[in-house]
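Okay, so here's the structure we're looking at.
The values are calculated or read from the model by the stated rules, or taken from the named source; none is laboratory data. Model, not experiment: these values are computed from the prediction. For neighbour counting, all protein chains shown are included, and Cβ atoms are generated from backbone atoms with ideal geometry for every residue, glycine included. Just the protein is used for accessible areas: all its heavy atoms, side chains included, with ligands, DNA and RNA removed. Shrake-Rupley method; radii C 1.70, N 1.55, O 1.52, S 1.80 Å.
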Amino acid sequence: MLDLAPKYNPSEVEDKWYSYWMEHKLFHSEPDGREPYCIVIPPPNVTGVLHMGHMLNNTIQDILVRRARMQGKNALWVPGTDHASISTETKVIAKLASEGIKKTDLTREEFLKHAWEWTEKHGGIILQQLRKLGASCDWERTAFTMDPSRSEAVTKVFCDLYDKGLIYRGLRMVNWDPQNRTALSDDEVFFEEEQSKLYYLKYYLAQEPDTLDAPVGSVVHTDAEGRHYAVVATTRPETIMGDTAMCINPKDPKNAWLKGRRVIVPLVGREIPVIEDRYVEIDFGTGCLKVTPAHDKNDYELGKTHNLDTIDMLNEDGTIAEAAGLYVGMDRFDCRKAISEDLAKAGLLEKVEDYVNNVGLSERTKVPIEPRLSLQWFVKMEHFAKISLAPVMDDIIRFVPEKYKNTYRVWLENIKDWCISRQLWWGHRIPAYFYDNGTDEEAFVVAPTPEEALEKAREATGNPDMKMEDLTQDPGALDTWFSSWLWPITLFDGINNPGNPEIDYYYPTATLVTGPDIIFFWVARMIMAGYEYVGKQPFDNVYFTGIVRDKIGRKMSKSLGNSPDPLDLIERFGADGVRMGLMLAAPAGHDIMYDDALVEQGRNFCNKIWNAFRLVKGWEVADTPAPEASRLAVEWFEARLSDTLAEMEDLMGKYRISEALMALYRLFWDEFSSWYLEVVKPAFGSPMDRATYDATLSFFDTLLKMLHPFMPFITEELWQHLYERREGESIMYARLPEPGSFDPAVLSRFEHLKEVVAGIRTIRKQRQIPNKDTLELNVKGAHDATLDAVISKMGNIDVIRAVEEKSPTAAAFIAGAVEYSIPLEGNIDVEAEIAKLEADLKRYTGFLAGVEKKLSNERFVANAPEAVVALERKKQSDAKEKIAAIESALKALKSPSSK
RNA sequence: GGGCGAUUAGCUCAGCUGGUUUAGAGCGUCUGUCUUACAAACAGAGGGUCUGCGGUUCGAAUCCGUAAUCGCCCACCA
């Protein structure tokens with residue numbers, strides 16, 4: 001016996017093989033004459049650590065890449081990381097804060113120094129972790145979204161889009177994150193339900209009329225002194241300092257008495273007009289709306305329509321600004337509390353109700369966002385929407401699962417301009433230069449370098465003496481996604497150096513594997529950039545993974561502590577086991593409920609493969625003729641292998657990876673180990689004939705190749721034991737065989753055989769007959785003797801005899817329409833046998849009745865396709881035969897002679 | 001408020017354009033077995049009428065309608 005441990009020990013082989021692959025540069029790819037197959041990694045955050053989502057996502061990518069490689073394609077998987085502007089900057093600020101340093105105390109350069117240090121310290125950990133998983137990335141190509149080549153491209157694209165009129169700068173209502181003090185795009189805001197309050201505030205009339213001429217239906221509020229007021233319901237009383245109007249619906253009878261009047265903002269004392277707009281819902285609250293154009297999107301629109309003043313009363317950190325006049329410097333939420341108390345004291349608060357509303361939160365910091373009017377940079381999206389819709393709808397880019405096409409379409413059809421500027425330092429700096437000391441917001445030029453900017457500024461101003469010091473670069477950085485959307489292009493230098501051999505060869509990439517949560521952020525935008533800058537789709541297929549949840553369906557999160565550490569799992573179950581376990585449970589687009597039981601199954605499978613190999617390699621070989629049973633098993637398994645190869649090809653083409661893996665799992669475990677190996681296994685101590693041995697090794701070889709994309713380490717290890725091979729060779733580059741043709745009858749015959757053997761085993765078990773004891777098998781009916789040699793071996797049968805009638809003392813079972821029986825010493829339990837047969841009889845009679853009902857229906861026979869009718873007739877005759885066999889068995893049992 | 005998707009064995013899922021057996025798999029369960037590759041295993045068994053209702057059809061898990069439940073996306077009415 002070969003010296004292999006009885007259990008597979010992953011830790012002994014994983015690092016060894018990963019080093020081997022690296023040492024021989026087996027992951028590296030260069031353009032050549034072969035068909036390319038390229039995947040670009042969705043770059044994880046540079047300072048991130050590996051979590052279960054990455055495990056799933058990267059396992060899928062590795063499977064696809066390894067499979068392509070084994071199909072003879074030039075496979076390339078490009079790794080890299082994302083600078084993750086907001087996320088990283090937030091982390092750096094937190095780290096500095098812990099050292100007592102405030103961002104505002106630092107210059108831009110100082111801050112960036114800290115950020116780079118942080119990036120270098122934590123950066124790339126995640127890529128190291130991916131190696132543990134077995135990821136076959138071409139590490140020589142590791143990229144970073146903020147390295148010089150990528151940065152140059154980003155700047156270039158910004159300038160180009162600006163020149164094309166697709167980027168503009170404008171004053172807009174944007175989502176403002178007061179913690180990070182930056183603008184966010186709409187996609188970076190998520191909404192959460194919050195228990196809040198609805199405050200009803202009193203707005204007194206500015207001028208008390210002598211007589212109030214209120215129309216019918218008016219709801220007029222009058223206080224104890226007879227003064228009139230309107231009531232406004234708001235969730236944000238702290239914004240009243242920014243009120244510049246009150247708005248009613250022109251068709252609202254309740255508030256018609258307010259038309260044309262002016263009211264006084266409570267506490268503030270400012271007079272504001274009552275305006276009318278159909279935007280106001282008559283039935284919400286009191287039908288009166290306070291209008292704060294500087295701090296609400298809809299109010300801003302109202303302000304524009306009605307020419308209202310705008311009072312910006314919040315600072316960028318969310319505290320109350322000078323312009324408010326009151327509560328200056330107080331935090332917005334403290335102010336809400338204070339103001340509601342003050343309003344109550346002043347008798348200006350009518351009532352407070354509990355209210356559930358949706359609050360927009362910053363995706364990164366989770367703080368409530370503040371709609372804020374500010375000057376930002378935007379990408380016009382109409383053009384991009386136009387060029388990117390059709391390719392997905394027409395399946396030039398195939399989405400798996402397909403349902404996301406819809407999501408994509410709806411988003412593009414309602415697209416809004418993309419706010420790309422962030423008031424952050426960590427990121428690509430906006431290449432815009434102001435030349436008027438910041439006094440004129442319009443006085444800027446956009447250029448890739450300061451030198452070119454100066455040139456342009458001189459031209460624009462007609463002042464040839466302008467100096468570099470007169471230019472001020474926009475302090476802002478670009479949205480991270482403004483670099484990510486170029487990823488598949490910039491990895492091959494397709495912006496700086498268009499038409500170069502690499503971009504021509506690898507682009508469009510084959511498949512993008514990512515989560516549906518970034519379909520808008522990233523997938524859609526890559527498609528846009530792809531068409532704009534290369535004129536082609538960035539990828540042919542997009543595979544959307546699900547979310548990894550815990551076994552009761554909760555998202556994995558740090559706070560719940562329900563997220564296992566991937567490296568710990570790899571330690572405990574082996575990388576192959578973890579990969580296998582995850583993949584078994586992960587159909588495309590389905591969330592996966594993670595449970596250790598899954599990876600245990602994966603580990604067990606590794607062990608099964610390992611032990612099957614130990615068995616095979618432990619055999620002695622002799623030049624003897626092959627036994628009949630072995631010959632038949634080889635013929636059968638060859639067919640079975642081809643069958644599964646074809647099935648897997650089909651499933652993988654549809655990205656049904658978990659099903660493909662399951663097919664393979666069953667092939668290896670049930671068919672190969674439980675049947676094939678058991679049939680060909682020589683008696684203890686006996687050698688095996690060479691023909692069967694060679695066939696078995698060749699089967700094993702094919703199985704390892706089929707398994708390799710899913711389980712790279714164990715397959716490489718065993719493949720090495722299987723053959724002598726030269727240093728540098730690897731199963732990674734072995735060719736996956738094409739499915740051969742086979743006779744389906746070979747498979748169906750073997751399936752029947754399994755039924756017969758199972759029948760024999762059941763009888764053995766029921767009667768507690770040891771496997772060692774040989775038995776005689778009697779056959780009544782049209783038995784196909786082709787596989788008798790196998791039946792004999794697997795059932796430990798010494799004689800197979802055709803009989804006219806079953807012996808009265810034989811235990812019987814029916815397989816197909818053949819009655820098999822095993823003569824036994826002593827009496828059989830006639831009652832039990834009869835009961836079992838009668839249950840069968842009932843079942844088949846019922847089945848036959850169903851079939852015959854169909855066949856006797858003239859309309860069925862007339863309307864159904866011929867093949868279907870023929871099939872029903874076949875079912876009918878099969879059932880009849882079976883029933884006849886059962887009845888004859890019953891009759892024999894019931895006849896007095898058997899008692 | 002709008003849209004999309006789901007509901008099949010204890011659990012996780014297949015079942016593609018309606019007809020291949022009155023529905024399949026893996027895991028789990030139950031019963032035997034330490035049978036020299038593997039107890040992380042072997043052998044055997046049980047388990048669902050396809051969420052409810054209605055319809056179309058010769059025929060429905062599969063198509064249509066409807067109700068319920070769940071999930072996701074978009075919008076965000078103060």
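Based on the Kirkwood radius over alpha-carbon pairs, what is the Stokes-Einstein translational diffusion coefficient of region A:487-626 at 25 °C with 0.890 mPa s viscosity, in µm²/s?
For these conditions, the coefficient is 131 µm²/s.
How big is the shadow of the Cα convex hull of region A:227-312, averaged over all directions, in nm²?
Taking a quarter of the hull surface, the average projection is 5.2 nm².
If you keep only loop residues by DSSP, which trypsin sites (Lys or Arg not before Pro) in region A:641-724 have at most 14 other Cβ atoms within 10 Å of their Cβ?
Passing sites in region A:641-724 are A:LYS654.
Expressed in nm², what is the orientationally averaged projection area of the convex hull enclosing the Cα positions of region A:420-565?
In nm², the orientation-averaged hull projection of region A:420-565 is 13.2.
Roughly how many nanometres apart are two label points built 7 Å out from the Cα toward the Cβ at A:ASP517 and A:ARG666?
Taking the simple label geometry, A:ASP517 and A:ARG666 are separated by 3.4 nm.
Can you pull out the trypsin sites (Lys or Arg not before Pro) in region A:741-813 whose DSSP state is coil and whose Cβ has at most 11 other Cβ atoms within 10 Å?
A:LYS772
Could you tell me, in Å, what Rg and Dmax come out for the Cα atoms of region A:768-826?
So, for region A:768-826, Rg and Dmax equal 11.1, 31 Å respectively.
Each residue of region A:453-463 in turn: what ³J(HN,Hα) in whole Hz from Karplus with 6.51, -1.76, 1.60 and θ = phi - 60°, glycine and Pro shown as x?
Coupling constants for region A:453-463: 5, 4, 4, 5, 5, 4, 4, 5, 9, x, 10 Hz.
State the volume of the convex hull built on the alpha-carbon positions of region A:398-495, expressed per residue in Å³ and rounded to an integer.
Cα-based convex hull of region A:398-495, divided per residue, equals 159 Å³.
Give, as ranges by residue number, the residues of region A:269-290 whose backbone N falls under 15 Å from the point 7 Å along Cα→Cβ of A:VAL219.
Output list for this probe position: A:281-290.
Given Cα positions, please report Rg to Rh for region A:46-175, the hydrodynamic radius being the Kirkwood one. Walk me through the intermediate numbers first.
Values: Rg = 18.9 Å, Rh = 17.8 Å.
Taking Rh as the inverse mean 1/r over Cα pairs, Rg/Rh reads 1.07.
With Rg and the Kirkwood Rh both taken from Cα atoms, where does Rg over Rh land for chain A? Numbers along the way, then the final one.
Working: Rg = 37.9 Å, Rh = 33.9 Å.
Result for chain A is an Rg/Rh of 1.12.
Helix-only mean residue ellipticity at 222 nm, chain A, DSSP H runs n ≥ 4 weighted -39,500 (n - 2.57), per residue, nearest 500. What is it? Spell out each step's value before the answer.
Details: 27 runs with 366 residues, N = 899.
My calculation for chain A gives -13000 deg cm²/dmol from helical runs alone.
Using only the alpha-carbon atoms of region A:593-660, report the extent along each of the three principal axes, biggest first, to the nearest angstrom.
Cα extents, longest axis first: 52, 28, 14 Å.
Distance between the C-alpha centers of region A:102-149 and region A:710-731? Whole Å please.
Value for the Cα centre distance between the two parts: 34 Å.
Can you give the % of DSSP beta bridges in chain A that are antiparallel, to the nearest 5? Each step should come with its number before you reach the end.
Values: 66 of 94 bridges.
The antiparallel proportion sits near 70 percent.
May I ask for the percentage of alpha-carbon pairs in region A:495-559 that lie more than 13 Å from each other?
70 percent
What translational diffusion coefficient, in µm²/s and rounded to a whole number, does the Stokes-Einstein relation yield for region A:794-899 at 4 °C and a viscosity of 1.567 mPa s, taking the hydrodynamic radius as the Kirkwood radius over Cα pairs?
Answer, rounded: 83 µm²/s.
Would you list, by chain and number, the aspartates and glutamates whose Cα falls below 13 Å from the Cα of A:LYS793, excluding same-chain residues fewer than 8 positions away?
The reachable aspartates and glutamates, counting only those whose Cα sits under 13 Å from A:LYS793, are A:GLU628, A:GLU678, A:ASP773, A:GLU776.
Over the alpha carbons of region A:322-474, what is the largest minus smallest coordinate on each principal axis, giving the biggest first in Å?
64, 55, 24
Are there GluC sites (Glu not before Pro) in region A:453-506 that DSSP puts in a loop and that have at most 12 other Cβ atoms within 10 Å, and which ones?
none
Would you give the gap between the C-alpha center of region A:769-847 and the C-alpha center of region A:317-381, rounded to a whole Å?
Region A:769-847 and region A:317-381 have Cα centres separated by 83 Å.
Kindly provide log₁₀ I(q)/I(0) values, in the same order as q = 0.26 Å⁻¹, from the Debye equation applied to equal alpha-carbon scatterers of region A:390-448.
Log10 I(q)/I(0), no solvent term: -1.07.
Could you tell me what fraction of 2.2 N^0.38 Å the Cα radius of gyration of region A:660-753 comes to, as a two-decimal ratio?
After normalising by residue count via 2.2 N^0.38 Å, the value is 1.21.
Tell me, what ³J(HN,Hα) does each residue in region A:221-226 have, in order and in whole Hz, if you take phi through Karplus 6.51 cos²θ - 1.76 cosθ + 1.60 with θ = phi - 60° and put x for Gly and Pro?
9, 10, 8, 4, 8, x
If you take the alpha carbon radius of gyration of region A:1-63 and divide it by 2.2 N^0.38 Å, what ratio comes out, to two decimals?
1.56
Give me the distance between the Cα centres of region A:540-570 and region A:194-243, rounded to whole Å.
52 Å
Translational D (Stokes-Einstein, µm²/s) of region A:566-684 at 25 °C and 0.890 mPa s when Rh comes from the Kirkwood sum over C-alpha pairs?
On the way: Rh = 16.1 Å.
Rounded, D is 152 µm²/s.
For region A:113-206, compute the orientation-averaged projected area of the C-alpha convex hull (one quarter of its surface), in nm².
Numbers: hull surface 55.9 nm².
Taking the Cα atoms of region A:113-206, their convex hull projects to 14.0 nm² on average.
Considering only protein heavy atoms, what per residue accessible area in square angstrom results for chain A with a 1.4 angstrom probe?
On a per-residue basis, 45 Å².
Using the Karplus equation 6.51 cos²θ - 1.76 cosθ + 1.60 (θ = phi - 60°), what ³J(HN,Hα) coupling, rounded to whole Hz, does each residue of region A:56-61 give in order, writing x for Gly and Pro?
Once θ is set to phi - 60°, the couplings for region A:56-61 become 4, 4, 7, 5, 4, 4 Hz.
Using a 1.4 angstrom probe on heavy atoms only, work out the carbon and sulfur share of the accessible area of chain A in %.
50 percent
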